[in-house]
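Data block below; observations after.
The values are calculated or read from the model by the stated rules, or taken from the named source; none is laboratory data. Please read all numbers here as calculations on a predicted model, not as lab measurements. Backbone-built Cβ (ideal geometry, glycine too); neighbour counts: all protein chains shown. The accessibility values were calculated without ligands, DNA or RNA, using every heavy atom of the protein model including side chains. Shrake-Rupley method; radii C 1.70, N 1.55, O 1.52, S 1.80 Å.
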Amino acid sequence: MTPGGAPGATRPVVTFARPEGYGDTHRTFGRRGRVAAAAACVVLGLGLIGGAVTGSWLIGDSADAAERSTYTTAGGLWHNVPVDQLFPPTVDGQGAGPGGADRTWTRIAVAPDGDCADALDPLLLKVLAPVGCRRLLRATYTDATESYVTTVGLLFTTADAAAMRSLDTRFTKEKLAERTDLMPRPYAAKDTVAAAFGDKQRAAWTVSVLTDAPVVVYSVSGWADGRVVDTPQPAPAATAAGATTAPAQAGLGNEAQGLADRIERGLRKTAVTPSEPPS
(Lines give C-alpha, C1' and ligand atoms only; values in the text may rest on other atoms or scores of the structure.)
Protein backbone atom coordinates (compact mmCIF):
# COMPACT_ATOMS: atom_id res chain seq x y z
CA MET A 1 0.00 0.00 0.00
CA THR A 2 1.44 3.36 -1.07
CA PRO A 3 1.58 6.21 1.45
CA GLY A 4 -1.86 7.78 1.61
CA GLY A 5 -3.27 5.27 -0.81
CA ALA A 6 -6.21 3.04 -0.50
CA PRO A 7 -5.89 -0.63 0.36
CA GLY A 8 -5.41 -2.78 -2.68
CA ALA A 9 -3.77 -0.06 -4.73
CA THR A 10 -0.85 -1.28 -6.83
CA ARG A 11 2.70 -0.18 -6.22
CA PRO A 12 4.07 2.15 -8.90
CA VAL A 13 6.63 0.62 -11.23
CA VAL A 14 9.97 2.39 -11.15
CA THR A 15 12.48 1.92 -13.97
CA PHE A 16 16.12 2.83 -13.43
CA ALA A 17 18.13 4.11 -16.31
CA ARG A 18 21.39 2.37 -17.25
CA PRO A 19 24.19 4.15 -15.40
CA GLU A 20 26.64 6.19 -17.36
CA GLY A 21 29.69 4.35 -18.51
CA TYR A 22 27.99 0.92 -18.49
CA GLY A 23 29.26 -0.54 -21.69
CA ASP A 24 31.93 -2.76 -23.21
CA THR A 25 34.64 -1.52 -20.90
CA HIS A 26 32.86 -2.74 -17.80
CA ARG A 27 31.88 -5.97 -19.47
CA THR A 28 35.53 -6.54 -20.37
CA PHE A 29 36.60 -5.89 -16.83
CA GLY A 30 33.88 -8.26 -15.56
CA ARG A 31 34.98 -11.01 -17.94
CA ARG A 32 38.60 -10.54 -16.96
CA GLY A 33 37.60 -10.66 -13.32
CA ARG A 34 35.70 -13.87 -13.85
CA VAL A 35 38.66 -15.38 -15.71
CA ALA A 36 41.00 -14.33 -12.93
CA ALA A 37 38.68 -15.81 -10.32
CA ALA A 38 38.42 -19.06 -12.26
CA ALA A 39 42.20 -19.21 -12.58
CA ALA A 40 42.53 -18.63 -8.85
CA CYS A 41 40.11 -21.49 -8.20
CA VAL A 42 42.10 -23.75 -10.49
CA VAL A 43 45.32 -22.84 -8.71
CA LEU A 44 43.68 -23.36 -5.34
CA GLY A 45 42.25 -26.70 -6.48
CA LEU A 46 45.59 -27.85 -7.79
CA GLY A 47 47.16 -26.76 -4.55
CA LEU A 48 44.69 -28.78 -2.53
CA ILE A 49 45.15 -31.82 -4.78
CA GLY A 50 48.90 -31.42 -4.66
CA GLY A 51 48.76 -31.15 -0.89
CA ALA A 52 46.68 -34.31 -0.67
CA VAL A 53 49.04 -36.17 -2.96
CA THR A 54 52.03 -34.89 -1.04
CA GLY A 55 50.38 -35.98 2.16
CA SER A 56 49.76 -39.45 0.78
CA TRP A 57 53.39 -39.60 -0.33
CA LEU A 58 54.51 -38.63 3.13
CA ILE A 59 52.26 -41.28 4.66
CA GLY A 60 53.52 -43.81 2.14
CA ASP A 61 57.11 -42.89 2.87
CA SER A 62 56.46 -43.29 6.58
CA ALA A 63 54.92 -46.74 6.09
CA ASP A 64 57.72 -47.77 3.75
CA ALA A 65 60.31 -46.57 6.24
CA ALA A 66 58.68 -48.58 9.02
CA GLU A 67 58.59 -51.65 6.80
CA ARG A 68 62.24 -51.24 5.88
CA SER A 69 63.13 -50.77 9.53
CA THR A 70 61.32 -54.00 10.49
CA TYR A 71 63.00 -55.83 7.62
CA THR A 72 66.43 -54.63 8.73
CA THR A 73 65.69 -55.47 12.35
CA ALA A 74 64.63 -59.00 11.42
CA GLY A 75 67.87 -59.51 9.53
CA GLY A 76 69.89 -58.87 12.68
CA LEU A 77 67.91 -61.01 15.10
CA TRP A 78 70.33 -63.91 14.83
CA HIS A 79 72.86 -62.01 16.95
CA ASN A 80 70.67 -59.41 18.66
CA VAL A 81 68.28 -61.57 20.68
CA PRO A 82 68.79 -64.57 22.99
CA VAL A 83 68.37 -68.02 21.48
CA ASP A 84 65.51 -68.72 23.90
CA GLN A 85 63.53 -66.00 22.18
CA LEU A 86 64.01 -67.44 18.70
CA PHE A 87 63.76 -71.07 19.81
CA PRO A 88 61.78 -71.16 23.07
CA PRO A 89 62.49 -74.11 25.39
CA THR A 90 58.80 -75.04 25.13
CA VAL A 91 56.46 -74.26 22.27
CA ASP A 92 52.70 -74.43 22.69
CA GLY A 93 50.86 -75.75 19.65
CA GLN A 94 47.17 -75.40 20.40
CA GLY A 95 45.20 -76.99 17.57
CA ALA A 96 48.36 -77.88 15.66
CA GLY A 97 47.91 -81.65 15.69
CA PRO A 98 45.74 -83.87 13.50
CA GLY A 99 42.08 -83.01 13.81
CA GLY A 100 42.91 -79.84 15.72
CA ALA A 101 44.52 -81.66 18.63
CA ASP A 102 46.90 -79.68 20.82
CA ARG A 103 50.64 -80.16 20.68
CA THR A 104 53.50 -79.22 22.96
CA TRP A 105 57.09 -79.31 21.77
CA THR A 106 60.15 -79.35 23.99
CA ARG A 107 63.52 -78.20 22.73
CA ILE A 108 66.18 -80.87 23.18
CA ALA A 109 69.12 -79.34 21.33
CA VAL A 110 70.35 -76.15 19.68
CA ALA A 111 72.96 -76.40 16.94
CA PRO A 112 75.94 -74.04 16.96
CA ASP A 113 75.16 -71.17 14.61
CA GLY A 114 77.12 -71.25 11.39
CA ASP A 115 76.90 -71.17 7.61
CA CYS A 116 74.75 -73.36 5.40
CA ALA A 117 77.42 -75.51 3.75
CA ASP A 118 77.11 -78.59 5.96
CA ALA A 119 73.54 -78.12 7.12
CA LEU A 120 71.73 -78.24 3.78
CA ASP A 121 71.86 -80.52 0.77
CA PRO A 122 73.93 -79.16 -2.15
CA LEU A 123 70.90 -78.83 -4.45
CA LEU A 124 68.96 -76.83 -1.86
CA LEU A 125 72.01 -74.65 -1.35
CA LYS A 126 72.06 -73.97 -5.08
CA VAL A 127 68.40 -72.96 -5.09
CA LEU A 128 68.92 -70.63 -2.13
CA ALA A 129 72.18 -69.16 -3.50
CA PRO A 130 70.53 -66.01 -5.00
CA VAL A 131 69.62 -64.75 -1.50
CA GLY A 132 72.87 -65.80 0.19
CA CYS A 133 73.41 -67.27 3.63
CA ARG A 134 74.41 -64.89 6.37
CA ARG A 135 73.75 -67.27 9.26
CA LEU A 136 71.87 -70.47 9.94
CA LEU A 137 70.28 -71.24 13.30
CA ARG A 138 68.76 -74.65 14.08
CA ALA A 139 67.07 -76.37 16.97
CA THR A 140 65.55 -79.82 17.40
CA TYR A 141 62.36 -80.45 19.36
CA THR A 142 60.39 -83.49 20.44
CA ASP A 143 56.70 -83.91 21.20
CA ALA A 144 55.27 -84.59 24.66
CA THR A 145 55.46 -88.36 24.17
CA GLU A 146 58.98 -88.25 22.68
CA SER A 147 57.69 -90.25 19.74
CA TYR A 148 58.62 -87.66 17.11
CA VAL A 149 61.51 -85.28 16.54
CA THR A 150 61.52 -82.11 14.47
CA THR A 151 64.34 -79.80 13.44
CA VAL A 152 63.42 -76.22 12.70
CA GLY A 153 65.81 -73.80 11.00
CA LEU A 154 66.08 -70.05 10.50
CA LEU A 155 68.27 -69.20 7.54
CA PHE A 156 69.17 -65.49 7.64
CA THR A 157 69.97 -64.28 4.13
CA THR A 158 71.95 -61.36 2.75
CA ALA A 159 69.18 -60.39 0.32
CA ASP A 160 66.98 -57.33 0.03
CA ALA A 161 63.19 -57.53 -0.07
CA ALA A 162 63.04 -57.69 -3.89
CA ALA A 163 65.33 -60.74 -3.98
CA MET A 164 63.28 -62.47 -1.29
CA ARG A 165 60.08 -61.83 -3.24
CA SER A 166 61.70 -63.22 -6.36
CA LEU A 167 62.77 -66.40 -4.56
CA ASP A 168 59.33 -66.80 -3.00
CA THR A 169 57.75 -66.47 -6.45
CA ARG A 170 60.07 -69.14 -7.82
CA PHE A 171 59.27 -71.51 -4.95
CA THR A 172 55.57 -71.04 -5.62
CA LYS A 173 55.65 -71.32 -9.42
CA GLU A 174 58.04 -74.28 -9.54
CA LYS A 175 56.63 -75.94 -6.41
CA LEU A 176 60.12 -76.29 -5.01
CA ALA A 177 58.90 -76.85 -1.46
CA GLU A 178 57.32 -80.11 -2.62
CA ARG A 179 60.46 -81.68 -4.08
CA THR A 180 62.04 -84.45 -2.04
CA ASP A 181 65.48 -83.59 -3.43
CA LEU A 182 65.17 -80.16 -1.79
CA MET A 183 64.36 -81.37 1.74
CA PRO A 184 66.32 -79.65 4.51
CA ARG A 185 68.54 -81.77 6.70
CA PRO A 186 67.76 -82.55 10.35
CA TYR A 187 69.98 -81.77 13.29
CA ALA A 188 70.73 -85.01 15.13
CA ALA A 189 71.97 -84.19 18.61
CA LYS A 190 73.97 -86.79 20.47
CA ASP A 191 72.65 -88.23 23.72
CA THR A 192 69.09 -87.11 22.96
CA VAL A 193 66.01 -88.79 21.49
CA ALA A 194 67.07 -87.22 18.18
CA ALA A 195 70.45 -88.95 18.08
CA ALA A 196 69.34 -91.21 15.21
CA PHE A 197 67.54 -88.45 13.28
CA GLY A 198 69.45 -88.53 9.99
CA ASP A 199 68.69 -87.92 6.32
CA LYS A 200 67.03 -91.31 5.84
CA GLN A 201 64.70 -90.63 8.77
CA ARG A 202 63.16 -87.53 7.23
CA ALA A 203 59.39 -88.03 6.94
CA ALA A 204 57.78 -84.59 6.41
CA TRP A 205 59.06 -81.09 5.83
CA THR A 206 58.17 -77.51 5.00
CA VAL A 207 60.14 -74.57 3.57
CA SER A 208 58.85 -70.99 3.74
CA VAL A 209 60.54 -68.02 2.07
CA LEU A 210 59.57 -64.85 3.95
CA THR A 211 59.11 -61.64 1.99
CA ASP A 212 58.90 -59.23 4.94
CA ALA A 213 62.14 -60.46 6.50
CA PRO A 214 65.44 -61.77 5.05
CA VAL A 215 64.75 -65.23 6.45
CA VAL A 216 63.91 -68.69 5.16
CA VAL A 217 62.05 -70.79 7.74
CA TYR A 218 62.09 -74.57 7.41
CA SER A 219 61.40 -77.68 9.43
CA VAL A 220 61.73 -81.43 8.98
CA SER A 221 60.24 -84.17 11.14
CA GLY A 222 60.65 -87.92 11.69
CA TRP A 223 60.18 -90.72 14.20
CA ALA A 224 62.33 -90.67 17.32
CA ASP A 225 63.12 -94.39 17.03
CA GLY A 226 65.28 -93.84 13.96
CA ARG A 227 63.14 -95.77 11.48
CA VAL A 228 63.89 -95.24 7.80
CA VAL A 229 61.23 -93.46 5.73
CA ASP A 230 60.88 -94.60 2.12
CA THR A 231 58.28 -92.05 1.02
CA PRO A 232 58.72 -88.69 2.76
CA GLN A 233 55.96 -86.19 2.11
CA PRO A 234 55.78 -82.38 2.16
CA ALA A 235 53.79 -81.11 5.13
CA PRO A 236 50.87 -79.63 3.12
CA ALA A 237 50.30 -83.02 1.46
CA ALA A 238 50.78 -84.93 4.71
CA THR A 239 48.17 -82.77 6.45
CA ALA A 240 45.63 -82.90 3.63
CA ALA A 241 42.30 -84.58 4.30
CA GLY A 242 42.33 -88.22 3.27
CA ALA A 243 46.12 -88.58 3.16
CA THR A 244 47.03 -92.21 3.89
CA THR A 245 50.82 -92.26 3.87
CA ALA A 246 52.68 -93.26 7.02
CA PRO A 247 53.90 -89.70 7.73
CA ALA A 248 50.34 -88.41 7.27
CA GLN A 249 48.72 -90.99 9.53
CA ALA A 250 51.35 -90.44 12.20
CA GLY A 251 50.77 -86.69 12.11
CA LEU A 252 54.37 -85.90 11.14
CA GLY A 253 53.16 -83.31 8.64
CA ASN A 254 51.44 -81.54 11.52
CA GLU A 255 54.63 -81.75 13.57
CA ALA A 256 56.69 -80.06 10.86
CA GLN A 257 54.12 -77.45 9.86
CA GLY A 258 52.88 -76.63 13.34
CA LEU A 259 56.31 -76.05 14.85
CA ALA A 260 57.56 -74.05 11.85
CA ASP A 261 54.49 -71.81 11.94
CA ARG A 262 54.96 -70.97 15.60
CA ILE A 263 58.68 -70.29 15.30
CA GLU A 264 57.90 -68.03 12.34
CA ARG A 265 55.24 -66.14 14.31
CA GLY A 266 57.70 -65.61 17.14
CA LEU A 267 60.27 -64.27 14.68
CA ARG A 268 57.82 -61.75 13.24
CA LYS A 269 56.74 -60.61 16.70
CA THR A 270 60.35 -60.20 17.80
CA ALA A 271 61.16 -58.22 14.64
CA VAL A 272 58.43 -55.70 15.49
CA THR A 273 59.32 -55.43 19.19
CA PRO A 274 62.88 -56.72 19.55
CA SER A 275 64.40 -57.20 22.96
CA GLU A 276 67.58 -55.55 24.10
CA PRO A 277 70.74 -57.13 22.61
CA PRO A 278 72.30 -59.63 24.98
CA SER A 279 75.26 -58.25 26.92
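Counting Lys and Arg as +1 and Asp and Glu as -1, each charge on the Cβ, what is the dipole of segment 106-160 about the Cα centre in debye, to the nearest 20?
That gives a dipole near 120 debye.
In µm²/s, what is D for segment 79-221 at 4 °C and 1.567 mPa s, where D = kT/(6 pi eta Rh) by Stokes-Einstein and Rh is the Kirkwood radius from Cα pairs?
For these conditions, the coefficient is 82 µm²/s.
In segment 111-197, which GluC sites (Glu not before Pro) are in a loop and have at most 15 other Cβ atoms within 10 Å, using DSSP for the loop call?
Working: sites: Glu146, Glu174, Glu178; in loops: Glu146.
The qualifying sites are Glu146.
Counting only heavy atoms of protein chains, what accessible area per residue, in Å², does segment 142-279 have with a probe of 1.4 Å?
45 Å²
At 7 Å along the Cα-to-beta-carbon direction for both Thr244 and Ser147, put a label point, then send me their distance in nm to one decimal.
Here the modelled spin labels are 2.1 nm apart.
Counting only protein heavy atoms and using a 1.4 Å probe, what share of the accessible area of segment 100-158 belongs to carbon plus sulfur, as a whole percent? Present the calculation step by step, with values, prior to reporting the outcome.
Working: 1160 of 2440 Å².
Exposed carbon and sulfur together represent 47 percent of the surface.
So what are the radius of gyration and Dmax for the Cα set of segment 191-237, in Å?
Here Rg and the maximum Cα pair distance are 12.9, 37 Å.
Take peptides 183-190, 73-80, 117-124, 153-160 and line them up by average Cβ neighbours within 10 Å, highest first, as a rough protection proxy. Display every interim value, and only then the final one.
Details: 183-190: 20.1, 73-80: 17.9, 117-124: 14.9, 153-160: 21.8.
Result, highest mean Cβ count within 10 Å first: 153-160, 183-190, 73-80, 117-124.
Pull up the DSSP beta bridges for segment 188-253 and report the antiparallel fraction as a percent, rounded to 5.
75 percent
Given a 1.4 Å probe and every protein chain left where it sits, what share in percent of the accessible area of segment 161-214 is carbon and sulfur?
For segment 161-214, the apolar C and S fraction of the accessible surface comes to 46 percent.
For Asp181 and Asp92, calculate 0.36 nm times their separation in residues minus their Cα-Cα distance, and state this gained length in nm to one decimal. If you can, show how the numbers build up before the last one.
Values: separation 89, 0.36 × 89 = 32.04 nm, distance 3.05 nm.
This chain segment gains 29.0 nm when fully extended.
Assuming 1.306 mPa s and 10 °C, estimate D for segment 143-187 with Stokes-Einstein, Rh taken as the Kirkwood radius over Cα pairs, in µm²/s.
Reported coefficient: 121 µm²/s.
What Kirkwood hydrodynamic radius do you get for segment 149-253 when you take the inverse of the mean 1/r over all pairs of distinct Cα atoms, in Å?
14.4 Å
Of the listed peptides 132-144, 240-252, what is their order by residue-averaged count of other C-beta atoms within 10 Å, with the highest listed first?
Averaged packing, sorted descending, gives the order 132-144, 240-252.
Say the dipole of segment 161-260 comes from +1 at the beta carbon of Lys and Arg and -1 at that of Asp and Glu; which of Pro214, Ala241, Phe197 then lies farthest toward its positive end?
The Cα lying farthest towards the positive end belongs to Pro214.
When we measure straight from the Cα of Lys175, which lysines land under 21 angstrom away, once same-chain ones fewer than 8 places off are left out?
Lys126
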